[in-house]
Amino acid sequence: MTPRGWLLIALFALFVLATIRPLGGYMAFVFSGKCASIRGLGWLERSLFRLAGIDPSAEQDWLGYAAALLVFNLAGLVLLFAILLLQGWLPLNPQKFGAMAPDLALNTAVSFVTNTSWQAYAGETALSYFSQMAGITAQSFLSAATGMAVAIAMARGFARHGFDTVGNAWADVTRATLYILLPIAFVGALFLAWQGVPQTLAGSVEAGTLEGAAQTIARGPVASQEAIKLLSGDGGGFFNANSAHPFENPTGVGNLVEILLILLIGAALTNTFGRMAGNERQGWSLFGAMALLFAVGLCVVYAAESSGNPHFAQFGVDRASGNLEGKEIRFGVAGSALFANATTTASDGAVNAMHDSFTPLGGGMLMANMMMDEVIVGGPGSGLFGMLLYAIVAVFIAGLMVGRTPEYLGKKIESAEIKMAMVALLVVPAVVLALTSVAAVLPAGLEGRANPGAHGFSELLYAYTSAAATNGSAFAGLNANTPFFNLTLALAMLCGRYLVIVPVLAIAGSLAAKMKIPVSPGTLPTDRPLFVFLIVATVVLFGALTFFPVLALGPLAEHFAGLAN
């Protein structure tokens, strides 16, 4: 843990803080509908709505809003599945790649539509340029817009009083894509291209190595996919090595900007929520809880990786440089630890180091980040509505302790909201624990492990945690491209996405219909540090009680076994 490493972390924190208010305010402006007045873009929005036959002013109740998003996502899944099966006959395929296997195509389609980006294939050797652009990249935009729309609908639930609608799903998805994701991704792609990331439709090139052998170097439209994969929380890389590949992440400056893109929208949406709720301090409270959890996780990961691998001590290897196995030297321990913590707290799935090579405590912390139900910043939208679920549970617990009806932002939190919140929060643990247990006892699951014992169990646990938490990163030692893993992981991704979104929208509809109650002397202040710690305690206790036993079988057991040896 070096001063240079802490300086990198401090610069990153300053950049994030500097973007929260301006971007949060801009997103509040966009989702208010006033964005149609932006010169040069208003006509485009109106043309799109007219072409699709949509009246953006015609709002929907929560059920109609949920149905619209589910139908939209189902159409995207079918389209991407078809592209992957037919890519051998589609254009922009200079490598002449054929169709994907049906189970792998289904897994991939589910992965990107659910904003997970789980990849059981190597992009540069399996997907055509058309599949990468019209399939993968397009769904990165649309899945992120879906999550943002759900978060905005929930924010409207708190902001409105006596309404039976939560907005128009088609309008929210369109505006998120047109005014937020596209402009930022365009600027990000230009920056990455400047740093050296390829952007071309030409095919691979042949190069001669120093040993005299021929080497095929893959390239393609990488910068455009790279920018949105980071911004959207999708994380799916053009190359198998993802952001550890020099064509995706060539420089230290680019690495810092990529980490910023991962957290940009998720952090700023807390400010958007505060503005929509009429009190920016409410948004800062949510961000404070996220930041505290992020900081704790980062300290654990950085300390664990800086300590080096204890197994190397017997070989006389100097551990002063930390655990560099699986890491790029150009990023070092600090740049790798910061990226890994960001990607697992933001449910992005992009990696610039191999998480399978992290120390047991470092890898265990990355799993714990995902096990918090995607609330430590989270993906675009999903982090905000996930943290709001915990806020609802926190005020309910506080209300029980003082013997009064719990309330949050002037809305009574009653049994309907608590039931839906618990359904949404318990989906991920139930799916992770059930499917990990199945994989740990069936031959089809055990055959995928690259390692025996505790680390092999961690590979299985990480995979299903990543899928259900819509993250997409992996312990690379797991051979997941089999029918068993492709289908069970697809099931985990579907449950972890849609069995959370629907209860969240139900809560939004219930809250929007309630009238605001006045503040009283017994009202719990939710814009103070005390409430921040209450949310953090709720998140930690919920995660610890749910996942500590299974973590003890994997990373913790491996850690203590290493100490014993």
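So, in region 456-477, how many residues would count as being outside any loop (DSSP other than H, G, I, E, B) and either within 13 Å of M371 (Cβ to Cβ) or out of contact with any Ser or Thr (no Cβ under 6 Å at 6 or more places or on another chain) (or both)?
Taking region 456-477 as the starting set, the residues that turn out to be outside any loop (DSSP other than H, G, I, E, B) are 456-468.
Going one step further and asking which of them are either within 13 Å of M371 (Cβ to Cβ) or out of contact with any Ser or Thr (no Cβ under 6 Å at 6 or more places or on another chain) (or both), we end up with 456-459, 461-468.
Residues that pass the stated criteria total 12.
Table: residues versus (1) under 24 Å from A75 (Cα atoms); (2) basic (K, R); (3) assigned to a helix (DSSP H, G or I).
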position: M148; (1), (2), (3): yes, no, yes
position: D164; (1), (2), (3): no, no, no
position: W170; (1), (2), (3): yes, no, yes
position: I184; (1), (2), (3): no, no, yes
position: G188; (1), (2), (3): no, no, yes
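So which of L48, L106, L84 ends up being farther than 23 Å from G349 by Cβ and either modelled with pLDDT of 85 or more or among the polar types (S, T, N, Q) (or both)?
Details: L106 fails: farther than 23 Å from G349 by Cβ; L84 fails: farther than 23 Å from G349 by Cβ.
Only one candidate qualifies: L48.
For (1) surrounded by fewer than 24 Cβ atoms within 10 Å (Cβ to Cβ); (2) touching an Asp or Glu at 6+ places or on another chain (Cβ under 6 Å); (3) among the small types (G, A, S); (4) under 20 Å from T125 (Cβ atoms), each residue gets a yes or a no:
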{"residue": "A155", "(1), (2), (3), (4)": "no, no, yes, no"}
{"residue": "F163", "(1), (2), (3), (4)": "yes, no, no, no"}
{"residue": "P183", "(1), (2), (3), (4)": "yes, no, no, no"}
{"residue": "G208", "(1), (2), (3), (4)": "yes, no, yes, no"}
{"residue": "A213", "(1), (2), (3), (4)": "yes, no, yes, yes"}
{"residue": "A218", "(1), (2), (3), (4)": "yes, yes, yes, yes"}
Which residue, of F141, F130, is at pLDDT 90 or above and either buried (at least 21 other Cβ atoms within 10 Å of the Cβ) or within 28 Å of G383 (Cβ to Cβ) (or both)?
F141
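Just need a number here: residues in region 363-385 that are part of a helix (DSSP H, G or I) and out of contact with any Ser or Thr (no Cβ under 9 Å at 6 or more places or on another chain). Outline the logic, then answer.
Step one: filter region 363-385 for residues part of a helix (DSSP H, G or I), giving 363-371, 382-385.
Filter again for out of contact with any Ser or Thr (no Cβ under 9 Å at 6 or more places or on another chain), leaving 385.
Final tally of qualifying residues: 1.
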Within the bounds of region 440-461, is there any residue that is closer than 19 Å to Q119 by Cβ, surrounded by fewer than 16 Cβ atoms within 10 Å (Cβ to Cβ) and not aromatic (F, W, Y)?
yes
Restricting to region 382-435, count the residues that are without any contact (Cβ under 8 Å) to a residue 60 or more places away in the chain and in contact with a strand residue (DSSP E or B) (Cβ under 7 Å, 6 or more places away or on another chain).
2
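Name the residue, out of F273, F247, that is more than 20 Å from A469 (Cα to Cα) and in contact with a Pro (Cβ under 8 Å, 6 or more places away or on another chain).
F247
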Exactly one of L293, L338 is modelled with pLDDT of 90 or more, surrounded by 22 or more Cβ atoms within 10 Å (Cβ to Cβ) and farther than 18 Å from S357 by Cα, and that residue is L293
Would you confirm whether any residue within region 500-511 is assigned to a loop (DSSP other than H, G, I, E, B) and at pLDDT 90 or above?
no
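Tell me yes or no: at least one residue of region 229-236 is surrounded by fewer than 24 Cβ atoms within 10 Å (Cβ to Cβ) and either modelled with pLDDT under 90 or part of a helix (DSSP H, G or I) (or both). Write out each step before concluding.
Filtering region 229-236 down to residues surrounded by fewer than 24 Cβ atoms within 10 Å (Cβ to Cβ) leaves none.
No, that holds for no residue.
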Inside region 479-499, the number of residues satisfying the requirement of being touching a Gly at 6+ places or on another chain (Cβ under 8 Å), part of a loop (DSSP other than H, G, I, E, B) and either of a type in the set (V, I, T) or surrounded by fewer than 23 Cβ atoms within 10 Å (Cβ to Cβ) (or both) is 2
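The values are calculated or read from the model by the stated rules, or taken from the named source; none is laboratory data. Predicted, not measured: the structure shown is a model, and the values here were computed from it. Here Cβ is always computed from backbone atoms with ideal geometry, including for glycine, and neighbour counts include all displayed protein chains.
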